[in-house]
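The values are calculated or read from the model by the stated rules, or taken from the named source; none is laboratory data. From a predicted model like this one, the values you see are computed outputs, not experimental measurements. Cβ coordinates were reconstructed from backbone atoms using ideal geometry, including for glycine residues, and neighbour counts include every protein chain displayed. Surface areas here come from the heavy atoms of the whole protein model, side chains and all, with no ligands, DNA or RNA. Shrake-Rupley method; radii C 1.70, N 1.55, O 1.52, S 1.80 Å.
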Amino acid sequence: MIETFLLVAAGYTAFGIAIGILFLMFGISRADHAAKGSGLGFRLIVFPGLVMLWPVVLGR
């Protein structure tokens with residue numbers, strides 16, 4: 001049971017990382033115009049939230 005939980009958590013995180021990277025590359029300018037041209041520091045701060053909340057990001 002623990003092994004299944006860890007596999008699901010790993011899958012969720014891996015999918016979140018992929019969605020987060022794609023969103024930072026292509027979608028952040030559309031979602032928030034103030035973030036257009038933002039630097040690496042801002043993107044690194046936002047990235048963990050994108051990974052954890054990827055279902056919300058996909059909904060937008």
**OP:** Pop out the carbon and sulfur fraction of the accessible area of the chain as a percent, whole number, probe 1.4 Å.
**Re:** 75 percent
Subject >> Degrees between helix 2-22 axis and first principal axis of the chain (Cα, 0 to 90, nearest 10) >> reply: 20 degrees
**OP:** Please work out how much length the chain gains when fully extended from T4 to H33, using 0.36 nm per residue of separation minus the C-alpha to C-alpha distance, in nm with one decimal.
**Re:** 6.4 nm
Subject >> the chain, relative contact order [Cα under 8 Å, separation at least 6], % >> reply: 45 percent
Subject >> Charge tally in the Cβ shell below 14 Å around S29, where Lys, Arg are +1 and Asp, Glu are -1, S29 excluded >> reply: +3
Subject >> Helix 40-52 vs. the chain, principal-axis angle (Cα, 0 to 90°, nearest 10) >> reply: 40 degrees
Original post:
With the chain treated as a Gaussian network of Cα nodes joined by springs under 10 Å, which of G49, G27, G39 yields the largest mean-square fluctuation?
Top reply: G39
**OP:** Consider just the alpha-carbon atoms of the chain and return their Rg together with their Dmax, both in angstrom.
**Re:** 13.2, 45
